[in-house]
Every structure is written in C-alpha cells, then in structure tokens.
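Remarks on the structure that follows.
The values are calculated or read from the model by the stated rules, or taken from the named source; none is laboratory data. Keep in mind that this is a model prediction, so the values were computed, not measured. Don't worry about glycine lacking a Cβ; one is built from the backbone with ideal geometry, like all the others, and counts go over all protein chains shown. For accessibility, only protein heavy atoms count, side chains too; no ligands or nucleic acids. Shrake-Rupley method; radii C 1.70, N 1.55, O 1.52, S 1.80 Å.
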2 protein chains.
Amino acid sequence: MTHYVAFNAQRAIDYVSTLIDTQQCDFFAPGQTLSAYEFGDGNLNLVFRISDEHNNSVILKQALPYARCVGESWPLTLDRARIEAQVLLNHGAICPQFTVRVLHYCATQALTIMEDLGQLQILRGAQNNAQQFPQLAQHVATYLSHTGFYNSDFYLPAQHKKALVSQFTNPELCQITEDLFFSDPYIDHPRNNYPQQLAPHVQALRNNSALKLAVAKLKARFLSSPQSLLHGDMHSGSIFVDQQNTKMIDPEFGFFGPIGFDIGSFIGNLLLNYCAQRGHIADFVARRNYQTHLLSTLVECYSVFEQQWVSLIEQHTTEQSFKVAGYSEQFMQQVLQDSIGFCGTELIRRTIGLAHVADIDSIRDDDTRLSVQQQTLALGEQLILNAPSCNTKDAFFSLLISQLN
Amino acid sequence: MTHYVAFNAQRAIDYVSTLIDTQQCDFFAPGQTLSAYEFGDGNLNLVFRISDEHNNSVILKQALPYARCVGESWPLTLDRARIEAQVLLNHGAICPQFTVRVLHYCATQALTIMEDLGQLQILRGAQNNAQQFPQLAQHVATYLSHTGFYNSDFYLPAQHKKALVSQFTNPELCQITEDLFFSDPYIDHPRNNYPQQLAPHVQALRNNSALKLAVAKLKARFLSSPQSLLHGDMHSGSIFVDQQNTKMIDPEFGFFGPIGFDIGSFIGNLLLNYCAQRGHIADFVARRNYQTHLLSTLVECYSVFEQQWVSLIEQHTTEQSFKVAGYSEQFMQQVLQDSIGFCGTELIRRTIGLAHVADIDSIRDDDTRLSVQQQTLALGEQLILNAPSCNTKDAFFSLLISQLN
C-alpha cells in the first residue's frame, strides 16, 4: 500500500502479518494466525488491538485525516502521527520506564504500533473510581523533569535544539490548544459548552480584564517559548497506571513550548478530579480522604518535579552561561508561575470550553455538577490571577489550600 | 554550473550575462559588455560590483563556505545566503524603502544579486567622520517596528508564523552570536581580544555574579524567544545612509528572536560611537555637539520605535487575545528591558570580544582608546544591571544620561 488507507481490522491484520513475515518486526513469531479488533472512540484515530495465538498483543494506532468532535468535523494533518511517534521515541529514550514503547512507525499509513498496556488502567477512570496510585506523583514528576531537562537549553547544544524545534513544529495541533485553552473560553464562541446556569459566572470571567490580560500572557508563552519538547496533552486520559507502573501515551500535541504547560495541565486534572469528587463520593470522610490523597499527590508531584529539575540543572547543565549562581532559582520560579497559570487555564477550559472531563460530566445530580463547575471555574480564575505572586511552591500550595477550603 | 563554485570577476560576469541573455533578469539590457570587480573584505563573502556599458551596476554577493576572522578559519553554512535573501525579501515586502532590493537569488551558488547602493555610505564610517543623518532615527525605528510587528504573534496567524520560524531557523549563525555576545566576554576564551591594561576591568566584570546572571537571562531569551523575524546583525556596518535614505543590508544572521535584540544592537552602536568620539573630535564643543546629536538620534529612534509599535498593535493586531487592556504596555516594557540589556551586551562584546568596531579601534592615542574602552565596558555593565528596573523609556534615557555625564 503506497497510499494512505484508513484501516479496518482485516487490513490491520494484513499489515502486521506482512511486517512479521518480511521480518521487519519480531513482536510476534512468524506464521501465526492473528486477530484484531478496533476500540477507542474513533474521533481522531483508529485504534486496534492485534493478538497472536498465544494472546501476545500489540496496539496499532492510525491517525484519521479528520477530527470528529461534538458533531464538528474538520480536516486534521496526518503528520500528527509522526509527531506522536517521534515524541514517544525521544521521551522513551530519556524515560523508557514511563513512556509507552513504540514498536513500529509508518509515515504513509500514519500509524504507530505500540506495546499493549491493556493490563493497566487509564488514570482518569481510575480516579473517578477513587483509586489511589502511590507512585503516580513520583513517576509523573520524573518523566516531566527528565524529558523537560534533556530537551532544554540547559542540556542540548543550541544547534541541535533548533533542529529539534523544527522537527517538532506542530502548527495544526498547537492551534487547537491555542484556541481551546486560551481563546474560546474568554469569548462567545460556538465551540464553548456550559449549562445556562453557569452563564453569569462565565460572563463575569469575560468581564475580568486582569484575568484576560494574564491569559493573554500565558497564550504568548504558549506561542513563543520553545523551552523544551512537551508532551502537549498531559491530562488524566493520557496516562496509563497501576500500582507499580505509570506510562504516558498520546503525545500527538507534542511541540517545543513552555515547561510549565505539561505539569500545569497534569495538576489541573488532579484539581478537576478533586472538585468533582463531591459528585462521586457521598461519604464526607471518605471524600475528604480521597481529596487529601489527590492534594498530596499534587504537592509531591510538584515538589519532586522541582527538586529533580534543580538537581538535573546542577549536575548535567552543559550550557556554561546557565551555571551562574541564581539562574536556576529564577528559572524555576518562572516555571512555577507558568505552571500555576496553565493549570488555571486547564480548569477553566475543561469547565466551559469544548472538551470536558468525565470527572465532572459524569456527575448525575445537576445541582452538584453545577456547583462543582462553579468551583473549578473560580479556582481556575484565582490560580491565573495569583500565579505571578507565587514565588515558591509553598506559596502555591498555600494558595491552593486557601481556595479549596 | 550545477555545483557551487567560488566566483572570480570573470565568472561573475559570465553568470550575470547568462541571466540577462536567457531573460531570467532584466536589470541590464541584453547584448552589452559587462565589467566586474571584487571589493569587500572577503572574510565571509565575495562581493562584486558588475556594471554595463552605461554605468548601470548591481552588486553580486556570494557566500564563502568558510569564515576567516583574526586568523581563524572555520566552515560556515552556505545556507546563510538563503537566509539573507529571504530576510531581505520578507523585510523588503514590509519596508521596501529601507531594505536593499534583491534582484536575483541562486541557492546552488549561494549568491544574491542586489541593487547597488554605492552612492550611499556605510553608517559606521560616516559617523566616525562626524556626519549627521537627520532621518536615520525615524527610518531605523520605522524599519524595526514594522518588520518586527508584521512578523510577530500580534499579526501573523500562529500556523503561518510557525512555518516562518522553521524557514528562518539559522543555527550556525545564531551560534556565532550566542558565543560572541553572551559567552566569550564573560569567560577566558582565546577569541577575546583586549589590551592587557583592560584586564583588571575584564576580571571585575567576570567576578560580577549579578551581571553574569543578567547576561544568562539575556542569552536564554536569545535562544528561545522567537518573537519576530530579526535582522540579527543591526550594527552600524549593516546600514547604508545619505541625507535622504537609509537602507539595511546583510541580514544573514536573521532568525526569529527577541524583538529587543535588533534595536538594542543599533543603540549599542550609537553609544559605541558616542564614547569613541573622544578619540576623534578634538574640539570639546564640536565633540559635545556631535555626541548630543547621537544621543538625540538614540532617544528619537527608541521613542519612535515604541510609538509605532504601540500604534501598530492598536490598529493592526489580528490576535484577539492580545487586544486586552494592558497587554501592549507590558509587552513593550519587556521589549524595552530586553533592548537595554542587549545594548549592554553589544557594548561589552565590541570592547573585549572577538569583533571590535572601527569607532574605537581607529583611535590612535593608546590612552584615549583605553579610556574609551573602560567607558564602554562600564556603560555596558550598568545597562545590563539596570535594565530590569527601567519601566519606561524615559527611565532608560535618564539612566543613559547619568552614565554618560
């Protein structure tokens, strides 16, 4: 097949069989009968699980040349399959333990074959079931600090980094983030999605000039601050977990952007779940316990992330200029303030923008759901407004605690 | 010729004749006898003036695959000829009146044919002869504000800008700036060049942690702040002038970088000339008059630059998020602080780094020259250290006046 063809299960089997038979891949032994089925929502991608006779399996993910979302359909570059595979290879070389393993990539078919993580769960669903993952904070922090540092100006020779910045230029998917995170929620736009009862709160947010100024500055940083190679979509649906393992998937939004964006998005998702638990765990004590776990996860994750960054800078910085006293502190302070701001934009856009989270949308009681939405909206607003005055992570944690109580 | 060949005068004539005879260009009438001679220093490029029988002439500039500088020779990408031609075309489309006109570009031969500006003078030489150019401030300000704005996130759709950022990725030449501006002067490096008597001052500068921290932050901005398409080498040797005209040439260092870099470099060159005049104009009153002219040029240039940026933002911003109240003020404040900082780095690196300026080096009296070097070094240091506290251009001008008196 020399042209792109959207696969069905049989085509997926044929494709993999050829790879195996021609010895291009060896994840299955040759000569077996393979089976395949499609799962996933098929909005942006086709996802197949392909198994051999011994129940060994791999995942084949193929990008579709369009996106379907809330009835809309718009063309979307197949190049995102390349971005995803190449981010996984880049991040996987730095943090193999936390990155889904790529077994094969084909540009023509815009497909990637990956290890099957079916034995793990998606974090979002698990958190909606109040499951705890004691290693999550440490793992996410390690993944973000290490992939961040080793793709940054601290470590990469400038010429190499510039080549990577070009390689990971991802204009179409960045545009989606630019619109959904930083524009739509703050204007009247048909892509927005919130209940009528939230309208006065949304209006108040749009009348808040200080907020919109802070969001404009965050958007400017997202547009023009190629600090490191981001995952680009670090929400709870992009993380597979169990008690021992954490694996990042789906970095098709990857690009060189501000370091605070990924960790801010992740923390935002912890806070969305925190707020949403009012609609899931009826028992007050049980709820507080789980919320405390989420907050501890957040505090541990950011603390370890910052510690590891500082330690990586100290030990592995190759750029001499950045070894001067005080530089890493000021750099990390900017990352903190960015993280808090981006976290706030995640809370707001997941509440009133196009793409919601199941954490909130699955709350059955209308009043509770509305009240959670008011809380996430207000929390997002306060985080964005107060980010520039958080000079230390402890100031950030204090701000959070004052807002959440 | 399908492969790169370094030209001599005859090859240059043959090349142009073919262009004319095959009607690929019409800057000369067909069938004439052409003449050519090489001028320029031949360190990085070959430059020929090619004339027809009626004394019409053009400039042919060909990149050499290496750079010779103070005895060193290192390979240097021919791609800089593409960068230069494409920056000239981009900036020429925005400001044709201030950009040398490109008549032809050939990637294979790494050459550009341009209009001949031989009737104008290079600004540096003219300023060393104490000539005044009443339009210079306005013209440079207009060129920098307009090329800056129309290549920025204020104006360009994000997807278009990202494509341009990739197109103008210029790693090898950026590396030269990264080294010469932000690294070498602050460490012991064989590329540095200063008299032994300056050594204590240089050492003091290298012991100044606050200064090195500020320089590290400027380097980080230079590395990873693709705000707009810069000229990249805005010193007094890149500007042709007469009483009515100002034409920018030689943007081979062009890339997407921080907006303050170009204007800071230009202002730095005005200040280098200001300080150097102690070695050129013996008469005190005449010297003060010329220095006052230079300072007025600086003040007018920055003021018009800022005014025009604000006005362009107000009138032509397409990015809705950036229209929020207060955004342009904060943006322009950052540009001001960057400009002052980059200006300071230009003063320092031209004093003790590899590439000096004739303004200072042509001072015959050793003591005077040394005293000027001390002044430019101290001024650069003060500008870098005080840049972050200059919140308005008037604060910057006051700082300058306090340092220059």
Going by a ≥ b ≥ c, the root eigenvalues of the Cα gyration tensor, does the stretch A:187-252 fall in the rounded group (a/c under 1.5), the prolate group (a/b larger than b/c) or the oblate group?
oblate
Surface share of carbon and sulfur [accessible, 1.4 angstrom probe, percent] for the stretch A:99-247:
49 percent
Using a probe radius of 1.4 Å on protein heavy atoms only, what is the accessible area buried between chains A and B, both sides summed, to the nearest 100 Å²?
2900 Å²
Along the dipole axis of chain B (charges at Cβ: +1 for Lys and Arg, -1 for Asp and Glu; origin at the Cα centre), the most positive-end residue among B:Val285, B:Val58, B:Ser236 is B:Val285
Largest-first ranking of B:Arg349, A:Arg287 by accessible area, probe 1.4 Å, whole protein assembly kept, is A:Arg287, B:Arg349
Accessible surface, per residue, of the stretch A:1-94 when the full set of protein chains is kept, probe 1.4 Å, Å²:
51 Å²
Classify the stretch B:9-115: rounded, prolate or oblate, from the alpha-carbon gyration tensor (a ≥ b ≥ c, eigenvalue square roots; a/c under 1.5 rounded; otherwise prolate if a/b is larger than b/c)?
oblate
What is the minimum Cβ-to-axis distance for chain B, in whole Å, where the axis maps B onto A, and to which residue does it belong?
B:Ser166, 2
If we count every other residue with Cβ under 13 angstrom of A:Ile13's Cβ, Lys/Arg +1 and Asp/Glu -1, where does the sum land?
-3
Are there any residues in the stretch B:146-171 with a reduction of at least 30 Å² in accessible surface when going from the isolated chain to the assembly of protein chains? Probe 1.4 Å, please list them by number.
B:Asp153, B:Ala158, B:Gln159, B:Lys162, B:Ser166, B:Thr169, B:Pro171
With chain A treated as a Gaussian network of Cα nodes joined by springs under 10 Å, which of A:Thr376, A:Thr22, A:Thr108 yields the largest mean-square fluctuation?
A:Thr22
Given axes a ≥ b ≥ c from the Cα gyration tensor, I'd like to know whether the stretch B:102-243 is rounded (a/c under 1.5), prolate (a/b larger than b/c) or oblate.
oblate
Cross-link reach from A:Lys212 to lysines, straight Cα distance under 28 Å and at least 8 residues apart if same chain, gives A:Lys393, B:Lys161, B:Lys162, B:Lys217, B:Lys323, B:Lys393
Average Cα contact separation per residue, chain A, under 8 Å, 6 or more apart, as relative contact order %:
17 percent
Could you let me know the centre-to-centre spacing of the stretch B:1-68 and the stretch B:379-405, using Cα atoms, in angstrom?
46 Å
Ordering A:Val102, B:Val215 by how much accessible area each has at a 1.4 Å probe, largest first, what is the list?
A:Val102, B:Val215
Run the numbers on the stretch A:312-328: which residues show a drop of 40 Å² or more in accessible area, chain on its own versus all protein chains together, using a 1.4 Å probe over heavy atoms?
A:Ser321, A:Phe322, A:Val324, A:Tyr327
What is the spin-label model distance, in nm, from A:Gln197 to A:Ala282 if the labels are put 7 Å beyond Cα along the C-beta direction?
1.9 nm
Projected onto the charge dipole of the stretch A:9-115 (+1 at Lys/Arg Cβ, -1 at Asp/Glu Cβ, origin at the Cα centre), which of A:Asn45, A:Ala110, A:Pro75 gives the Cα projection farthest towards the positive end?
A:Pro75
Taking the square root of 5λ for each eigenvalue of the C-alpha gyration tensor of the protein assembly as shown, the equivalent ellipsoid has semi-axes, largest first and in whole angstrom, of 52, 33, 24
Roughly how far apart, in whole Å, are the Cα centres of the stretch B:121-136 and the stretch B:159-222?
28 Å
With every protein chain left in place, what is the accessible area per residue of the stretch A:311-405 in square angstrom, probe 1.4 Å?
39 Å²
With all protein chains present and a 1.4 Å probe, the order of A:Thr77, B:Thr318 from largest accessible area down is B:Thr318, A:Thr77
Give me the dipole magnitude in Debye, nearest 20, for chain B about the Cα centre, with unit charges on the beta carbon: positive for Lys and Arg, negative for Asp and Glu.
680 debye
Measure of exposure for A:Trp74: accessible area at 1.4 Å probe, Å² rounded to 10, is 70 Å²
At a cut-off of 20 Å², which residues of the stretch B:215-230 become less accessible once all protein chains are present than in their chain alone, using a 1.4 Å probe?
B:Ala216, B:Lys217, B:Lys219, B:Ala220, B:Leu223, B:Ser224, B:Pro226
In nm, to one decimal, how far is the modelled label at B:His54 from the one at A:Ala325, with both set 7 Å along Cα→Cβ?
7.1 nm
Using helices alone, I'd like the mean residue ellipticity at 222 nm for chain A: each DSSP H run of four-plus residues gives -39500 (n - 2.57), total over residue count, nearest 500.
-17000 deg cm²/dmol
Of B:Ser296, B:Ser166, B:Ser265, which is the most mobile in a GNM of chain B whose springs link Cα atoms less than 10 angstrom apart?
B:Ser166
Can you return the lysines within cross-link range of A:Lys61? Criterion is Cα-Cα under 25 Å, with same-chain partners fewer than 8 residues away left out.
A:Lys247
